[in-house]
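The values are calculated or read from the model by the stated rules, or taken from the named source; none is laboratory data. Fair warning: this is a prediction, and the values are worked out from it, not measured in the lab. Here the Cβ is made from the backbone with ideal geometry for all residues, glycine too, and neighbour counts use every protein chain on show.
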Amino acid sequence: MTEYDFGPRISASATQFRLWAPLQDEIALAFEEGETLKMERSDDGWHRCEVGSARAGTTYSFILADGLPVPDPASRYQPRDVHGPSEVVDPHAYRWRTNDWGGHSFDDLVLYELHVGAFTQEGTFAAAIDRLDHLKSLGVTGIQIMPVADFPGRRGWGYDGVLPYAPDSSYGRPEELKRLVDEAHARGICAFLDVVYNHFGPDGNYLPLYAPLFTDRHKTPWGNAINYDGNGSRPIREFVIQNAIYWITDFRFDGLRLDAVHAIKDRSQEHLLHELARRVREAAGERHIHLIIENEDNDGSLLERDEGGRPQFFSAQWNDDIHHVLHVAATGETFGYYADYGDEIAKLGRALAEGFVFQGEHMPYRGQKRGTRSGHLPPSAFVSFIQNHDQIGNRALGDRMTASRPGAVLRALAGVYLLSPQVPMIFMGEEWGAEEPFPYFCDFDEELNEKVKLGRRNELSRLPGFDADDLPDPTAEATFLSAKLDWTKLESDNCGQWLDFYRELLALRRQRITPLVTGIIREGGRYHVSAGGGLSVEWTLSGGGRLRLMANLSDRTVEFDEEVVDENPILLVGAFAAGRMAPWSVLWSIVAFRPSSR
């Protein structure tokens, strides 16, 4: 078990409590049922106290010089939310079943994003375990859990967490989260955790009172950036890096998804992201560990591979570009950030073949250049999807495409992204055509709730069809409850048909696509839009031949100007004959081809 600088350290004879608080001359340690002890301060700002009677289950707080009680910033569990006392947790209490688990290669993954609170009616780690067999039978090989770091209130997306070492108590105890990971591994499913290192939430973050957490050297959408490169930054860097190691080693997660890394500002010789990736992999040893990023800058340098094809830093990035072009094709919406993806067919080809749509080009809506070259990267450097928490939640009503688009459209989109050589990610319930919305929800104090409601209304008022009277109240419990999946709908014929379709696609992926992915030659992706409007994308295979996608994501019949020979079909959604493809049709095949003589 890894030893950490932060949080209680339990030994056979005592428990040592530690707090880095250089801005405080004195700190006291208070037990909920017991005495208050003065902690010993060292010159480096650490306050320590060793207590023989403290054991697992003991609850405690730190008392600042002005008498304010605060939780341990590295608390392992908060039984009464972020403002209450912290609880000592024995890291060895859980007995693991799957000690021989080694994980999957990234090429083998089919990811499934879920929010613990909305995934089941119970909204707990334990209840999520009961649905793992469903995911296994679907063909999922990796669950990606939205952030669980303790956040204020009884519900939230998780991106306003303030105690990054403590799983939120509304979902269950740390041991129950470990069991969820363990049970996933027992079924051959990897477990990934979404973590937030670009900001802390606005409610319950006491760190700035006793440590130089923020810096005015850099700005983020949430205000001053976290101090990763200024005076006193080393312990703050360690706090975050050790947190990443903690999830990988103590909870045995197979990887992490790092939220909005473009907002992590650092001018150090070794950027925090580089150091974190290096040290997490070192701590994991021989296990398959995969680190995924969200990065609006589309900086391909974070995804570079070494000469052996291994990630130098991060395994993959969520590919928003492929979502945007598929969304525009399906809906015709070109408002907001979708405005830069209006010519969707050629841009879809580039997103599939090369990863990023914009690789240094100017984006009219953004009014700036975006992205770096990415065509040399393997397809598995990108995670593709047609739904995720952000893209649904960014809509005024939090509505999914299933609520408004015909089945033929959705089947074509699924046929494209689930068989693409990129790593696919399904959003919870998508596999059976769930129509439950996923609006933004939170549970702050009264003042913050009012600010959130106003800010949400102002942000969404720019969208077509906006009606303030219909806008879900993000702070209302009913908004959260509306997002919970209704698993009883699986019994309906329509949902059963969608589930069968997704299972068929993922079975084809496992049998026909996955064995080819590692054999795709770098820079082997090419795309072509025929004069008749058809899109073809090809990936060159090291063993000869090409994996080919032909697609018509429109309401009209299109023609292709390529002649295909020696075709080995994998999947046809819709209809294709004599070079003409019906609306919303997709064909995957392995082919040899020659230019058309027509």
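So that you can scan it fast, the table gives a plain yes or no per residue for (1) surrounded by 16 or more Cβ atoms within 10 Å (Cβ to Cβ); (2) of a type in the set (Ser, Thr, Tyr); (3) in contact (Cβ under 8 Å) with a residue 12 or more places away in the chain:
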| site | (1), (2), (3) |
| --- | --- |
| Pro472 | yes, no, yes |
| Ala478 | no, no, no |
| Lys484 | yes, no, yes |
| Leu505 | yes, no, yes |
| Gln511 | no, no, no |
| Asp555 | no, no, yes |
**Message:** Looking only at residues that are assigned to a strand (DSSP E or B) and surrounded by 15 or more Cβ atoms within 10 Å (Cβ to Cβ) in the range 567-583, which one is farthest from the chain's Cα centre (by Cα)?
**Reply:** Arg580
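Okay, residues lined up against (1) closer than 20 Å to Tyr159 by Cα; (2) touching a helix residue (DSSP H, G or I) at 6+ places or on another chain (Cβ under 7 Å); (3) of a type in the set (A, V, I, L, M):
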{"residue": "Glu430", "(1), (2), (3)": "no, no, no"}
{"residue": "Arg456", "(1), (2), (3)": "yes, no, no"}
{"residue": "Pro472", "(1), (2), (3)": "yes, yes, no"}
{"residue": "Asp493", "(1), (2), (3)": "no, no, no"}
{"residue": "Leu506", "(1), (2), (3)": "no, yes, yes"}
**Lone unmet requirement of (1) out of contact with any helix residue (DSSP H, G or I) (no Cβ under 6 Å at 6 or more places or on another chain); (2) of a type in the set (A, V, I, L, M); (3) farther than 26 Å from Leu413 by Cα; (4) without any contact (Cβ under 8 Å) to a residue 40 or more places away in the chain for Ala284** = (1)
**Asked** Regarding Gly45, is this residue of a type in the set (Gly, Ala, Ser) and touching a Pro at 6+ places or on another chain (Cβ under 8 Å)?
**Response** yes
**Request:** State yes or no: is Leu37 assigned to a strand (DSSP E or B), farther than 14 Å from Tyr165 by Cβ and touching a His at 6+ places or on another chain (Cβ under 9 Å)?
**Result:** no
**Fill in**
By residue number, the members of the range 282-293 that are surrounded by fewer than 18 Cβ atoms within 10 Å (Cβ to Cβ) and part of a helix (DSSP H, G or I) are Glu282, Ala283
**Prompt:** Name the residues in the range 151-184 that are touching a residue at least 60 places away in the same chain (Cβ under 8 Å), assigned to a helix (DSSP H, G or I) and touching a strand residue (DSSP E or B) at 6+ places or on another chain (Cβ under 7 Å), would you?
**Reply:** Pro174, Leu177, Val181
**Item:** Search result, residues across the range 185-231 that are assigned to a strand (DSSP E or B) and in contact (Cβ under 8 Å) with a residue 60 or more places away in the chain
**Value:** Cys190, Ala191, Phe192, Leu193, Asp194, Val195
**Complete:** The residue that is modelled with the lowest pLDDT, considering only those in the range 334-375 that are surrounded by fewer than 16 Cβ atoms within 10 Å (Cβ to Cβ) and closer than 27 Å to Trp588 by Cα, is Asp343
**Message:** Looking only at the range 47-67, filter to residues that are surrounded by fewer than 15 Cβ atoms within 10 Å (Cβ to Cβ) and under 21 Å from Ala166 (Cα atoms); which one of those is nearest to the chain's Cα centre (by Cα)?
**Reply:** Gly57
**Prompt:** Hey, among the residues in the range 14-53 that are hydroxyl-bearing (Ser, Thr, Tyr) and at pLDDT 95 or above, which one's farthest from Gly232 (Cα to Cα)?
**Reply:** Thr36
